[in-house]
Structure formats: C-alpha cells, structure tokens
Amino acid sequence: MENYSYLALGEELDRENWVFTKYRVTTDLPMEKAAENIAAEQSTGTWTGISTLKDDIFRKYAAKVTAIDGDMVTIAYPVEDFCIERGAVPQILSVIAGNLFGLETIKGVRLEDVEFCPSILKKYKGPKFGDKGLRDILGRPEKPLVGTIVKPKIGLNPKDTAAYVYEAGSGGLTNGKDDETLVDQVFCPIEARTKAVAEAIDKLKEEGHRMVHAINISTNGQDIRDLAEDVQKWGATEIMVDVITCGYGAVQAVAEDPKIKVPVHVHRTMHGAMTKDPLNGISMRVVSKLVRMCGGDALHIGTLGVGKMSGDPAEGRLNQDACQSDDIPFKKVLPVCSGGMYPGIVPGVMKAAGNNIQIQAGGGVAGHPRGVRAGAMAMCQAVDAAYEGIPLAEYAKDHAELCEALERWGSK
Ligand code: CAP
Ligand code: MG
C-alpha cells in the first residue's frame with residue numbers, strides 16, 4: 001500500500017479533459033496537506049492508504065491540486081470521474097461539493113467556482129428562452145424588465161391574486177410571480193390561481209399590455225413535470241421552480257420537457273444557508289452556472305448590496321457573469337434583482353447591474369400609499385428615469401406615483 005500524493009502544483013492540464021474548481025480553505029493544517037485531503041476524499045483516496053488503490057486507478061482518476069494561492073486552492077478533477085452520459089448534477093455535486101464539507105481537518109471550505117469541460121457542458125441544453133427570449137415575449141428589447149412578487153406571500157385567494165396581477169400590469173409591470181412559499185395551499189389552489197391569473201393577463205393583452213406571471217410549481221421530483229404541463233394547460237405564461245429546495249434536476253426536468261413552451265423563472269430560496277458565509281459553503285456563482293446548464297431562463301442573483309438581502313456587489317457581479325458570459329454554449333439567463341427593492345434604490349441597482357436585468361419588488365409595489373397600480377407605476381417610473389439618466393427627484397416632479405414612493409421610502 002502506497003501513499004499517493006495529490007499535489008501537482010503548477011502542472012498545466014488540458015482544459016478539454018479536466019474540471020477545475022476553486023475552494024477557499026480555512027484549516028490548521030499546512031494548506032498543501034488540507035488541499036490534498038480534499039482532492040483525495042473527492043476522488044480516489046480516503047483517510048488511510050488502501051490496498052485496492054492501484055497505480056493505474058490513481059493515474060486515471062485522482063484529482064490534482066494544481067495551485068495554492070493563500071487560502072485559495074485549485075483542484076482539477078479528471079472528466080472520467082463524472083458520469084457524463086447521464087449528465088446529472090447530483091453526481092457532479094457529490095464530486096465537487098460532497099464529503100469535503102464534513103472533513104474534520106478542514107475548519108471551513110467554500111466552493112467558489114467551477115469550470116466544466118466541453119464534454120460535460122455538451123450534455124446540457126441550457127435555457128430554452130433565456131434573456132432574449134423573455135424580452136421577445138414581452139416586446140421589451142432593452143430596458144430592464146420590471147416585476148412584482150404578489151404580496152402578502154401567502155393568504156390571498158385566486159381572485160385577489162389575479163386582481164393584484166391585473167393592477168400591477170395596468171401600472172406597467174412586465175412580470176409578476178408567485179412567492180416562494182406559495183404552491184397549492186388550500187386558500188389558493190394552483191389550478192384556480194393559474195386560471196384566474198391567465199384571465200387577468202389576457203385582459204391586459206387585450207388592452208395592449210404584455211405581461212407574464214410565473215406560477216410556482218415547486219413540488220416533488222416525481223410530480224413536477226406533470227404539474228408544469230398542467231399549469232401550462234391552465235394558462236400559465238411562465239413557471240417558477242425553487243431550485244435549492246427542489247434540486248437542479250427539477251429545473252432540468254421542466255426546462256428540457258419539449259412540451260413546456262413557457263420560460264422557467266428560478267428562485268433561490270434557502271441559498272443563504274450555503275452562500276452567506278464567506279468561509280464556508282458554496283458560492284452563488286456555482287449555483288448560477290448549474291442553473292444555466294439546467295435551463296433556467298431567469299435567476300435571482302441578489303441586489304448587489306442595495307436591497308434587503310445580504311450580498312456584496314462583487315459577488316453579485318460574479319453571479320451576473322455566470323448568467324451572461326459568452327464562454328459557454330448556452331443562451332443567457334436573465335439575472336433577477338429582488339429582495340427589498342423599492343423605487344428609491346432602482347438607480348443604484350441599475351448602476352451596479354446594468355440594463356439587462358429583471359428588477360422586482362413585492363413590498364416596494366404593494367406598500368405604495370396608493371396601492372398596487374400606483375406602486376407598479378412608481379417602479380416603472382424609477383426604471384425609466386434611471387434608464388434615461390435623470391435623477392429620481394427631478395423625474396418625480398411630474399410623476400406623482402414616484403414622488404409618493406420617494407416620500408414614503410426615500411432613496412439611497
Ligand atoms: C422579495 C421576495 C424574494 C426575495 C428573495 C421575498 O420580496 O419575494 O423572495 O427576493 O431573495 O419574499 O423576500 P420583497 P433573493 O420585494 O417584498 O422584498 O432574490 O435574494 O433570493
Ligand atoms: Mg419571496
């Protein structure tokens with residue numbers, strides 16, 4: 001039994017055949033040792049030398065620590081370690097983000113990034129619609145899409161949900177969505193809600209306004225595709241999946257279903273459990289890359305340090321890049337900036353994230369002093385002002401709804 005070394009510092013590996021990962025590691029061990037522990041545990045090793053690990057197995061399947069820069073460790077995994085034919089994210093995650101989090105010798109480890117090789121990417125289809133597809137549906141080629149989350153997040157019945165959507169669309173919003181905790185509760189059955197919202201959206205269309213509303217279908221793996229097909233039949237114009245609670249396979253199953261012909265909005269509720277700690281967990285950038293592979297058309301990326309949810313601007317930009325970069329062969333995911341949005345912070349978000357985003361406000365629409373329609377108008381006015389480079393205070397002089405929103409919440 002021999003003890004193998006997983007260190008290959010400085011070795012240049014072929015990007016066609018290796019998956020590269022970056023981990024931020026906190027440990028009392030020498031960093032090289034800690035990095036080797038991770039590479040071993042996640043590929044051919046375990047806590048001791050083993051008689052069954054032969055040279056040829058090690059040579060073909062062992063991960064390699066190719067760089068250490070302070071607390072940042074690069075580990076490359078041979079493509080053969082992944083079961084490409086089944087193309088499954090669960091197996092990928094068990095390799096790049098599995099047992100390593102529990103290792104006693106590692107005090108903290110955060111998977112910061114992953115770069116997949118072409119043979120793995122080829123097994124995924126990416127978004128059916130992507131940012132451009134969504135914009136085409138809505139006839140809005142350049143300005144940020146402006147949306148709302150129906151609030152309160154639970155409690156409204158189908159009729160009141162539809163009335164909210166109609167008011168929001170009448171105020172100019174392009175997107176509506178269910179909240180992450182609403183699926184098919186007794187107070188708001190999904191069939192009745194979907195049909196009522198579809199009627200509201202049809203009415204808006206007759207009046208000349210295009211809008212989509214994402215119905216949350218987050219449910220068990222064995223049911224989610226059927227539910228997606230059902231809500232589409234009942235008139236859904238978009239579908240929403242909570243990716244962390246449902247799993248990437250759920251997004252993929254729905255997005256790759258050829259019968260599904262509406263975009264998939266991906267919510268990331270519970271992501272904070274793994275993304276929030278800077279020294280432990282999994283970065284949102286990794287989540288974003290996997291969602292894009294699995295076919296999400298729009299994905300929450302945070303408000304780049306401006307809204308109610310934590311998340312710094314630099315991380316937000318990395319998430320945005322994962323949704324939008326040109327270096328992978330998929331359509332681009334529309335980044336969604338949501339969480340504590342209100343008109344006064346719209347320019348800050350657009351300054352940080354640009355125009356190719358969906359800006360969304362729940363409380364920042366429903367909390368307007370004159371109700372949902374005025375709240376929607378105020379959000380659209382804020383987006384128009386920022387798009388045209390006009391300060392909000394000036395624009396508000398002849399836009400009453402924006403003026404009222406600024407009086408209520410201010411700006412920053
Ligand atoms: C926003 C929201 C979203 C958050 C999630 C909420 O509502 O509906 O779920 O955006 O955060 O319930 O908080 P408000 P993230 O506009 O009323 O805040 O997008 O960061 O995952
Ligand atoms: Mg929500």
Has region 101-124 got at least one residue that is among the charged types (D, E, K, R), in a strand (DSSP E or B) and in contact with a Pro (Cβ under 8 Å, 6 or more places away or on another chain)?
yes
Within region 372-391, is even one residue among the aliphatic types (A, V, I, L, M) and over 19 Å from THR148 (Cβ atoms)?
yes
ASP184: more than 13 Å from ligand 1 (Cβ to nearest atom), open to solvent by 10 Å² or more (accessible area, probe 1.4 Å), not in a helix (DSSP H, G or I) and not hydrophobic (A, V, I, L, M, F, W, C), yes or no?
yes
For GLY139, work out the one condition from (1) under 25 Å from the mean Cα position of the chain (by Cα); (2) open to solvent by 60 Å² or more (accessible area, probe 1.4 Å); (3) within 28 Å of TYR342 (Cβ to Cβ); (4) away from ligand 1 (no atom under 16 Å from the Cβ) it doesn't fulfil.
(2)
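For (1) in contact (Cβ under 8 Å) with a residue 12 or more places away in the chain; (2) away from ligand 2 (no atom under 16 Å from the Cβ); (3) in contact with a strand residue (DSSP E or B) (Cβ under 7 Å, 6 or more places away or on another chain), each residue gets a yes or a no:
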position	(1), (2), (3)
ASN99	yes, yes, no
GLU115	yes, yes, yes
LYS123	yes, yes, no
LEU138	yes, yes, yes
GLU142	yes, yes, no
VAL150	yes, no, yes
PRO158	yes, yes, no
ALA168	yes, no, yes
GLY171	yes, yes, no
When the residues of region 153-181 are narrowed to those that are within 16 Å of ligand 1 (Cβ to nearest atom) and of a type in the set (A, V, I, L, M), which ends up most open to solvent (accessible area, probe 1.4 Å)?
ILE154
Could you say which residue among ASP202, ASP223, ASP230, ASP178 is of a type in the set (Asp, Glu) and within 21 Å of LYS153 (Cα to Cα)?
ASP178
Collect the residues in region 264-293 that are within 11 Å of ligand 1 (Cβ to nearest atom), open to solvent by 50 Å² or more (accessible area, probe 1.4 Å) and charged (D, E, K, R), keeping them in residue-number order.
LYS276
For region 173-211, what are the residues that are more than 16 Å from ligand 2 (Cβ to nearest atom), of a type in the set (Lys, Arg) and in contact (Cβ under 8 Å) with a residue 60 or more places away in the chain?
ARG210
Pick out the one residue from ALA196, ALA200 that is open to solvent by less than 30 Å² (accessible area, probe 1.4 Å) and more than 17 Å from LEU138 (Cβ to Cβ).
ALA196
Restricting region 302-316 to residues that are within 16 Å of ligand 2 (Cβ to nearest atom) and free of Cβ contacts under 8 Å to residues at least 40 places away in the same chain, which is least open to solvent (accessible area, probe 1.4 Å)?
GLY302
Considering only region 58-97, how many residues are among the polar types (S, T, N, Q) and without any contact (Cβ under 8 Å) to a residue 12 or more places away in the chain?
2
Among (1) open to solvent by less than 20 Å² (accessible area, probe 1.4 Å); (2) within 18 Å of LEU290 (Cβ to Cβ), where does LEU134 come up short?
(2)
Look through ALA228, ALA253, ALA273 and report the one residue that is in a helix (DSSP H, G or I), within 16 Å of ligand 2 (Cβ to nearest atom) and out of contact with any Pro (no Cβ under 9 Å at 6 or more places or on another chain).
ALA273
Taking region 336-357 and the residues there that are within 16 Å of ligand 2 (Cβ to nearest atom) and surrounded by 23 or more Cβ atoms within 10 Å (Cβ to Cβ), the one that is farthest from the chain's Cα centre (by Cα) would be TYR342
Starting from region 393-412, keep only residues that are touching a residue at least 60 places away in the same chain (Cβ under 8 Å), then list their pairs with residues that are open to solvent by 100 Å² or more (accessible area, probe 1.4 Å) and among the β-branched types (Val, Ile, Thr) whose Cβ atoms are within a distance under 9 Å, requiring at least 6 positions of separation or different chains.
none
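The values are calculated or read from the model by the stated rules, or taken from the named source; none is laboratory data. Since we're looking at a predicted model, the values are computed, not measured. Counting neighbours? That spans all protein chains shown, and the Cβs are built from the backbone with ideal geometry, glycine included. Calculation scope for accessible area: heavy atoms of the full protein, side chains included, ligands and nucleic acids excluded. Shrake-Rupley method; radii C 1.70, N 1.55, O 1.52, S 1.80 Å.
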